[in-house]
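First the structure, in the form of structure tokens, and then the observations on it.
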Amino acid sequence: MKLKKPVISVAPMVDKTDRYFRNFVRMINKDVLLYTEMVTAQAIIHGDLERILGFDEAEHPIALQIAATTPEDAYKAVKTAENYAYDEINLNVGCPSDRVSGNMMGACLMAYPELVLDILKAIKEATGKAVTIKHRIGIDGKGILSDNAEKTLFDKYEDMLNFINIIEKAGADRYTVHARIAVLAGLDPKQNREVPPLRYDEVYRLKAEKPYMQIEINGGIKTKKDITEHLKYVDGVMIGREFYDNPMLLAEVNSFYNNGEENISRYEVLEKMIPYLEKMEMNNERTHLFLRHTLGLFHNVKGSKYWKNNISSQNLKNNKGSLIIRKILKNSKECEI
């Protein structure tokens, strides 16, 4: 399936990339690819589907990211998700969490490429949508991997290449590569985003050696300049925490798309929030569920403290979120909007 280039995407983040944050992103940028939080295949098979899989039309393009242990579970989950109009299905083979790895999902699956191949084949069989995969450049699985694993350390470029050589038989449409290894024992997920050194050159090398593949790079990318540099070597760039902590970076990357509103202001973003918050209020939803994701809107500019104080959960107990935004717009001298 032909995928849009260049792909700039907002990484799947647990407790962050829910439907409220994704709608916030769409108020700033209409084009970046969004992801759900990682959802396990078992949760889809047995869970509340609307709560787990539901999303708004405005969120397109959007990918569903799943984690699976077996091809059978992956197939069932994706078949179930076919009732929802996701644009892509993504397999997580990069999460370093011990809870995930302990259940034979996420990054630990890099030690079992034949199993990943079978899972990808099952997903491809279950859907006609684009099927993609997110993985690391390698793993340190000491203390986690079972005795059935051929080895526990996959930290060399040749190990990643062997993994790719096996799983590419499934015909995945894009490979998103986090340019750090995952340490499965001894580091928590946050440390796994910061401690192992970045090795961008290995992702570039993968693209150079397999130019027919769609390769997206992830890890430590913070600026529009960084994105421009990476796109010289790969097909796409994925950013997670920086978009979350500094969401106006999403306005800067509008320029990578033909219809981008490169200079969208915070004032315009606040105006877009009001009808969304009013709809939440009509549905008796707590507006804090949305506003908690917007704390970084005034990142490194005048008004950050004022903004955070006004949208604090304590303040929202006695005030409607939409009214608070209207008040901030009236008092715009307090913020750089």
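The values are calculated or read from the model by the stated rules, or taken from the named source; none is laboratory data. Every value quoted in this text rests on a predicted model; they were computed, and no experiment measured them. Every residue, glycine as well, gets a Cβ built from its backbone with ideal geometry; the counts of neighbours run over all protein chains shown. When the accessible area is computed, the model is the full protein with side chains, heavy atoms only, and any ligands, DNA or RNA have been set aside. Shrake-Rupley method; radii C 1.70, N 1.55, O 1.52, S 1.80 Å.
Estimated translational diffusion coefficient (Stokes-Einstein, Kirkwood radius over Cα pairs, 20 °C, 1.002 mPa s) of the stretch 1-91: 160 µm² per second.
Based on the Kirkwood radius over alpha-carbon pairs, what value in µm²/s does the Stokes-Einstein equation return for the translational diffusion coefficient of the stretch 248-337 at 4 °C and 1.567 mPa s? Could the numbers behind the result be given before it?
On the way: Rh = 13.7 Å.
Answer from the Stokes-Einstein relation: 94 µm²/s.
Taking θ as phi - 60° and the Karplus parameters 6.51, -1.76 and 1.60, the scalar couplings of the stretch 30-35 work out to 9, 10, 4, 6, 9, 10 Hz in sequence order, x denoting glycine and proline.
Counting DSSP beta bridges in the chain, what percent are antiparallel, to the nearest 5? Provide the component values of the computation, followed by the final result.
Numbers: 2 of 36 bridges.
Counting only bridges with both partners in the chain, antiparallel ones make up about 5 percent.
Amide H contacts under 5 Å for L33: I8, S9, V10, restricted to partners 5 or more places along the chain or on a different chain, H placed in the peptide plane at 1.01 Å from N. The C-alpha atoms of the chain define a longest principal axis, and helix 266-282 lies at about 90 degrees to it.
Each listed q (0.11, 0.13 Å⁻¹) maps to a log10 I(q)/I(0) for the stretch 1-160 from the Debye sum over equal C-alpha point scatterers, namely -0.44, -0.61. For L153, nonlocal amide neighbours, meaning residues 5 or more places apart or on other chains whose placed amide H falls under 5 Å from its own, are G141.
Over its Cα atoms, what ratio of radius of gyration to 2.2 N^0.38 Å does the chain give? All intermediate terms of the calculation are to be shown ahead of the outcome.
Working: Rg = 20.4 Å, N = 337, 2.2 N^0.38 = 20.1 Å.
Normalised Cα radius of gyration, the chain: 1.01.
Rounded to the nearest 10 degrees, the angle from helix 113-126 to the longest Cα principal axis of the chain is 60 degrees.
Given a 1.4 angstrom probe, I'd like the percentage of the accessible area of the stretch 228-337 that is carbon and sulfur, rounded to a whole number. Walk me through the numbers before you get to the answer.
Details: 2590 of 5800 Å².
Exposed carbon and sulfur together represent 45 percent of the surface.
Dipole of the chain (Lys/Arg Cβ +1, Asp/Glu Cβ -1, origin at the Cα centre): which of Y175, A107, V234 lies farthest to the positive side? Result: V234, furthest along the dipole toward the positive end. For the listed residue pairs K79/K190; K232/K305; K134/K224, the alpha carbons are over 30 angstrom apart in K79/K190; K232/K305.
Per DSSP H run of at least 4 residues, take -39500 (n - 2.57); add these up for the chain, divide by its residues and hand me the 222 nm value, nearest 500 deg cm²/dmol.
Values: 17 runs with 131 residues, N = 337.
Value at 222 nm, helices only: -10000 deg cm²/dmol.
Taking Cα atoms only, the orientation of helix 157-167 departs from the longest principal axis of the chain by about 90 degrees.
Normalised per residue, the accessible area of the stretch 52-204 is 39 Å², obtained with a 1.4 Å probe and no contribution from ligands, DNA or RNA.
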